[in-house]
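Below is one structure, written out as structure tokens; the observations come after it.
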Amino acid sequence: MEMKAQSKKTAIAIMAAGKGTRLKSKHPKVLHEVGGKPLLQHVIAAAKQVGPAEDIFAIIGHEADLVQKTVAHTGIRFVRQEPQRGTGHALMCARAVLEDYDNVIVLSGDAPLITAETIERLRDFHAQKKAAMTILSAALEDPTGYGRVIRTGAKKDEAAAIIEEKSCTPAQRKLREINSGFYAFSVKALFDHIDELTTDNPHGEYYLTDMADVLRRAKRRVAVIPALNASEILGSNTRWELVELDHKMRLEKCRKLMTEGVTIFNPESCVIDADVEVGADTVIEPFVQLRGRTKIGLECKVRSYSVIQHSRIGDGVIIRQGCVLDDAIVANNATVGPYSHLRPGSDIGEAAHVGNFVETKKVRLGKGSKANHLTYLGDAEIGTGVNIGAGTITCNYDGVNKHKTLIEDGVFVGSDSTLVAPVKLSKGSYVGAASCITEDVPEDSLAIGRGKQVIKEGWVKKKREC
Ligand code: UD1
Ligand code: CA
């Protein structure tokens, strides 16, 4: 006989195999994003706060390889459900991996607002009631689309069944207590009876919800615990529901940042992803997007219509209107914009300025240097105190390879110059306006690379007269 573990072991199973027919999408439902992350990733994050990754199993099926690849980094385990014959069938497919456990908490992969506290309440209530099954329920203003919980028992504290909306009588349809799609089961009770599920329903699927009725008829206890915050359990079967969840999540993110000292004007118009960090006294204007791994320091200003992704911004930085930053670094007290485009690898130094219609890519702009107008800087190392005149272009690409431009400290580049890389402008040198620089410029010297101006006196007058 096998030795039984001392403490009760609990697994978490996340149902994530469905196609998501109602989204009318070629992508699997659980990979649709809200708050800047796939639905499933939110549920996994909550689960990981409750138990170790090795006890968390995602049940995947539709586009399983893609789903697994997308969330593999979370370290959880995977079970395949092939074909997908309903939520009850999903658990049948997980039987082999779950049989080592005493209890299993079942989560829906399409309900991303669930919190660790609620999962723990469900787990603890289930243990305390010694139930075979515990249903997390919620009272919704509008229960449309959800399964309804039918209460029973002298104290009405147990469930007799869950009835899917399609099978509800008109009276049952009026019940506002719904099944959240989150449950706790005693593993033994679940698998002793799971084969009693049938496909005798409008979808011809095995419904996990029918376990309530099955266990009840087997004289096992089916407990119900209402969620303290009903909106935590909302699922996303339709595009409308997805967008509503996204909206809720983003408003919540704004609220959290504001409690930490950030001002966000018109938060309804801002899109801030879950993992973004912003320091106190930073002001974010309407219609700003902060995406991915972006970090913004203290006392910054991010003005309207800027979209900042995976970027690191120091303290006291001003991002003026309409900037696009992607994978960029901006050091303390720098100013960017309006309308600057900082592409990946842009590293803007302390108190530097990048201005109107300036595009940068793989460039290091040193402390206090300025590129204020209409410029392209790519594959360049630029020192401190450099002035890049309006309309300067680094010609970094010869059609086959990319080349570097080196501009040392204190260089002054006159407006409308083209710097043909590879090329180096040494310390303290000047480039005359409208130059095409193809050769290195030595320290402290002036380079002029343009046609000489010619004056033809009286030429216009003569032309007018003939
Ligand atoms: C389900 C419940 C319903 C509850 C609602 C809460 C059933 C029969 N109904 O309905 O009572 O009110 O959730 O949101 O369970 N999945 C699989 N394999 C399958 C089918 C589905 O893993 O074969 C996964 C889906 O990917 C999804 C979850 O299970 O993440 C729930 O499935 P879904 O089709 O969204 O169920 P609902 O119709 O929302
Ligand atoms: Ca659902």
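The values are calculated or read from the model by the stated rules, or taken from the named source; none is laboratory data. As the structure is a prediction and not an experimental result, all values here were calculated from the model. Backbone-built Cβ (ideal geometry, glycine too); neighbour counts: all protein chains shown. In case anyone asks, the SASA skips ligands and DNA or RNA and just uses the protein heavy atoms, side chains included. Shrake-Rupley method; radii C 1.70, N 1.55, O 1.52, S 1.80 Å.
With the highest mean first, a sort of the peptides 197-203, 338-344 on other beta-carbon atoms found within 10 angstrom per residue produces 338-344, 197-203. When Rg and the Kirkwood radius Rh are both evaluated on Cα atoms of the chain, their ratio Rg/Rh stands at 1.19.
How high is the FRET efficiency from D142 to K219, r the C-beta distance, R0 35 Å, rounded to 0.05? The formula returns an efficiency of 0.50 here. Charged side chains reduced to their Cβ positions (Lys and Arg at +1, Asp and Glu at -1) give region 298-448 a dipole of some 440 debye around its Cα centre.
Amide H contacts of V106 (H built 1.01 Å from N, in plane; Pro and chain starts excluded): A13, Y183, A184, F185 sit under 5 Å, all sequence-distant by 5 or more or on other chains. Here the Debye sum runs over all C-alpha atoms of region 185-296 as equal scatterers in vacuum, and log10 of I(q)/I(0) at q = 0.13, 0.22 Å⁻¹ comes out as -0.70, -1.19. Based on Cα contacts under 8 Å between residues 6+ apart, region 340-385 shows a relative contact order of 37 percent.
Could you work out how far helix 116-129 tilts from the main Cα principal axis of the chain, as a 0 to 90 degree angle to the nearest 10? That helix lies at roughly 10 degrees to the long axis. Roughly how tilted is helix 239-259, in degrees to the nearest 10 and between 0 and 90, from the longest Cα axis of the chain? Approximately 70 degrees, to the nearest ten. Could you state, as a whole-number percent, how many of the C-alpha pairs of region 319-463 are farther apart than 20 Å? Looking at region 319-463, the distances longer than 20 Å represent 44 percent of pairs. Just check region 377-455 against the gyration tensor rule for me: Cα atoms, a ≥ b ≥ c as the square roots of the eigenvalues, rounded for a/c under 1.5, and otherwise prolate or oblate depending on whether a/b exceeds b/c. Because a/c hits 1.5 or more and a/b fails to exceed b/c, region 377-455 counts as oblate. You can think of it this way: the chain between S167 and K130 has 10.4 nm of extra reach, that is 0.36 nm per residue less the Cα-Cα gap. Given an 8 Å cut-off on Cα distances and at least 6 residues of separation, report the relative contact order of region 218-319 as a percent. For region 218-319, the relative contact order is 17 percent.
Among beta bridges from DSSP that stay inside region 1-154, the antiparallel ones total about 10%.
With a cut-off of at most 12 other beta carbons within 10 Å, and DSSP calling the residue loop, which trypsin sites (Lys or Arg not before Pro) in region 131-162 qualify? Please list them. In loop regions of region 131-162 (DSSP not H, G, I, E or B), the sparsely surrounded trypsin sites (Lys or Arg not before Pro) are K155, K156.
For the chain, the share of DSSP beta bridges that are antiparallel, to the nearest 5, is 20%.
When the Cα positions of A132, P112, A94 are compared along the charge dipole of region 68-145, A94 comes out farthest toward the positive end, with charges on each C-beta of Lys, Arg, Asp and Glu. Which shape class applies to region 109-153: rounded if a/c is under 1.5, otherwise prolate when a/b exceeds b/c and oblate if not, where a ≥ b ≥ c are the square roots of the Cα gyration tensor eigenvalues? Oblate, because a/c is 1.5 or more while a/b does not exceed b/c. Scalar couplings 3J(HN,Hα) for region 173-188, obtained by applying the Karplus form with A = 6.51, B = -1.76, C = 1.60 to θ = phi - 60°, are 4, 6, 5, 9, 7, 10, 7, 6, x, 10, 9, 10, 10, 6, 4, 5 Hz; x denotes Gly and Pro. Under 5 Å between amide hydrogens, built in the peptide plane, is the criterion, and for I264 it picks out I284 among residues at least 5 positions away or on other chains.
Cβ-Cβ distance of K156 and T115, R₀ of 25 Å, FRET efficiency by 1/(1 + (r/R0)^6): the value works out to about 0.40. In the context of the full set of protein chains, the chain has a per residue accessible area of 49 Å² (1.4 Å probe). If only the Cβ of Lys and Arg carry +1 and only the Cβ of Asp and Glu carry -1, the dipole of the chain around its Cα centre is close to 780 debye. Each residue of region 146-160 was assigned a 3J(HN,Hα) from its phi angle through the Karplus curve 6.51 cos²θ - 1.76 cosθ + 1.60 (θ = phi - 60°); the sequence is 9, x, 9, 8, 9, 7, 8, x, 4, 9, 6, 10, 10, 10, 8 Hz, with glycine and proline shown as x.
Residue-wise HN-Hα couplings along region 66-73, as the Karplus relation 6.51 cos²θ - 1.76 cosθ + 1.60 with θ = phi - 60° gives them from phi, are 5, 4, 4, 4, 5, 10, 4, 4 Hz; Gly and Pro carry x.
Remark: relative contact order (the chain) = 8 percent; criterion is Cα-Cα distance under 8 angstrom and separation of 6 or more residues. Shape of region 1-96 from the C-alpha gyration tensor: oblate (a/c of 1.5 or more and a/b not above b/c, with a ≥ b ≥ c the square roots of its eigenvalues). Apolar share of the accessible surface for region 236-310: 53 percent from carbon plus sulfur atoms, 1.4 Å probe. Computing FRET efficiency as 1/(1 + (r/R0)^6) for D192 and K24, where r is the C-beta to C-beta distance and R0 is 51 Å, gives about 0.85. Antiparallel beta bridges, as assigned by DSSP with both residues in region 329-414, represent about 5 percent of the total such bridges.
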